[in-house]
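A quick write-up on the structure given underneath.
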Amino acid sequence: MEKSLDISVVVPLYNERESLGELVAWIDRVAHDNGLAYEVVMVDDGSRDGSWEELERLSVQYPAIRAIRFARNYGKSAALYCGFEAARGEVVFTMDADLQDSPDEIPEMRRMILEQGYDLVSGWKKKRYDPAGKRLPSKFFNMTARVVSGIKLHDFNCGLKAYRRDVVKSIEVYGEMHRYIPILAKHAGFNRIGEKVVHHHERKYGVSKFGMERMVKGYLDLITVSFMSHFGRSPMYFFGSLGTVMFLVGGFTTVWVIAAKLYKQAHGLPLRAVTDQPLFFVAILTVILGVQLFLAGFLGELINRNSSDRNSYLINGKINIDKTDKTDKTDEKI
């Protein structure tokens, strides 16, 4: 059985070699000052700047480091998924590797989890050191996420979060869903979600890995996670219901158009051919779309019931540094 620790700090990284030494030293100091048994799970998401070599060096100096390496860049969600899988701490933290998140927040956020009973505590960068071009869209995005999800957080996308261990072992982060982990947690039954104002630092090294395209992806992902939260296990409830309504509306409209023509014909009233009426074609189209939506829901149910783990590909092709085996520091899985 894996040894349980006080905290695990999961750090996804991509080309952050310059900041890794300072970050690990900072986490180590905070953990020792507060008497916490800890581990740092570093997930190298296909870096090409020597980040992995830096992690190998740091792993000798800091035995608490465990590291995972992807053969190529899969994205932050994939990195968090594997980091959560590897985490052994009672409380699991996530933070970015760029030194903008402060490890000094760890003790208080841990206390909120253990003493106040929260399942998840999300950081709120109330004062941000980002350009206005990032801050303003982020505020609008967070407002939309609050309305859609019903979760009253100011900063869904803050990288600094604390989780009860059961939370990270129960949710599945995939695609670009790292922005919506609180929504995934709520959907999994973890409703005690809190927030803490955290200190945000200016970026010290490198450049941001996210551009404005993430706003477009963010809204598409919000639609996806909202749909998955409500209908992910039963797509027939959405597509089947909408398809049935459209089929019935189109069917009744078609019958009404034909019946109206027959009535006028029987009573010698002026009439037009059914095929000359645009409403008839709209009704037929509605029937066809209704059937297609119903079939989409039915196929979704079949796929959902027979789908395998969508993240299984991440388990292969990664390299581990794990202090449970001192004789062989790296273990390549093909």
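Here are some notes:
- Selection of the stretch 38-53 for residues being under 16 Å from E22 (Cβ atoms) and either modelled with pLDDT of 95 or more or under 27 Å from the mean Cα position of the chain (by Cα) (or both) yields V40, M42, D49, S51.
- Applying the condition of being touching a residue at least 12 places away in the same chain (Cβ under 8 Å) and not aliphatic (A, V, I, L, M) to the stretch 109-124 and asking which residue is most open to solvent (accessible area, probe 1.4 Å) yields Q116.
- The lone exception for T144 - which of (1) surrounded by fewer than 16 Cβ atoms within 10 Å (Cβ to Cβ); (2) over 21 Å from V9 (Cβ atoms); (3) over 17 Å from the mean Cα position of the chain (by Cα); (4) at pLDDT below 85 it fails: (3)
- Residue list for the stretch 177-192, restricted to those being of a type in the set (K, R) and either within 9 Å of I151 (Cβ to Cβ) or open to solvent by 50 Å² or more (accessible area, probe 1.4 Å) (or both): K186, R192
- Scanning the stretch 154-176 for residues that are in a helix (DSSP H, G or I) and open to solvent by less than 10 Å² (accessible area, probe 1.4 Å), we see that the one that is farthest from S8 (Cα to Cα) is V167.
- Any hit, the stretch 31-43, residues being among the β-branched types (V, I, T) and out of contact with any Gly (no Cβ under 9 Å at 6 or more places or on another chain): yes
- Sole exception among (1) farther than 23 Å from E108 by Cα; (2) open to solvent by 10 Å² or more (accessible area, probe 1.4 Å) for L13, by number: (2)
- Of S19, S77, S8, all but one fail to be among the small types (G, A, S), in a strand (DSSP E or B) and on the phi < 0 side of the Ramachandran plot; the exception is S8.
- Among the candidates D33, D6, the residue that is out of contact with any strand residue (DSSP E or B) (no Cβ under 9 Å at 6 or more places or on another chain) and farther than 26 Å from E176 by Cα is uniquely D33.
- Qualifying residue in the stretch 44-59 (condition: surrounded by 21 or more Cβ atoms within 10 Å (Cβ to Cβ), hydroxyl-bearing (S, T, Y) and under 18 Å from E108 (Cα atoms)): no
- Out of F70, F84, one residue alone is surrounded by fewer than 24 Cβ atoms within 10 Å (Cβ to Cβ), under 20 Å from the mean Cα position of the chain (by Cα), of a type outside the set (D, E, K, R) and under 30 Å from D166 (Cβ atoms). It is F70.
- In the stretch 87-108, of all residues being assigned to a helix (DSSP H, G or I) and not hydrophobic (A, V, I, L, M, F, W, C), the one that is least open to solvent (accessible area, probe 1.4 Å) corresponds to P103.
- Considering the stretch 232-286, the residues that are open to solvent by 100 Å² or more (accessible area, probe 1.4 Å) and under 30 Å from H187 (Cβ atoms) include one that is nearest to the chain's Cα centre (by Cα), namely R233.
Every residue, every condition in (1) part of a loop (DSSP other than H, G, I, E, B); (2) at pLDDT 75 or above, yes or no:
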position	(1), (2)
G206	yes, no
S226	no, no
R233	yes, no
Y237	no, yes
I258	no, yes
L269	yes, yes
T275	no, yes
I288	no, yes
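- Here K126 passes the criteria (1) at pLDDT 90 or above; (2) over 24 Å from L220 (Cα atoms); (3) outside any helix (DSSP H, G or I) except the one numbered (1).
- Some residue of the stretch 30-39 being among the acidic types (D, E) and under 24 Å from G75 (Cα atoms): yes
- In the stretch 25-68, the qualifying residues are those that are among the basic types (K, R) and assigned to a helix (DSSP H, G or I), and the one that is farthest from D96 (Cα to Cα) is R57.
The values are calculated or read from the model by the stated rules, or taken from the named source; none is laboratory data. Quantities reported herein were computed from a predicted structural model and do not represent experimental measurements. As a convention, Cβ positions derive from the backbone with ideal geometry for all residues, glycine included, and neighbour counts pool all protein chains shown. Note: accessible area is taken over every heavy atom of the protein model, side chains too, but ligands, DNA and RNA are not part of it. Shrake-Rupley method; radii C 1.70, N 1.55, O 1.52, S 1.80 Å.
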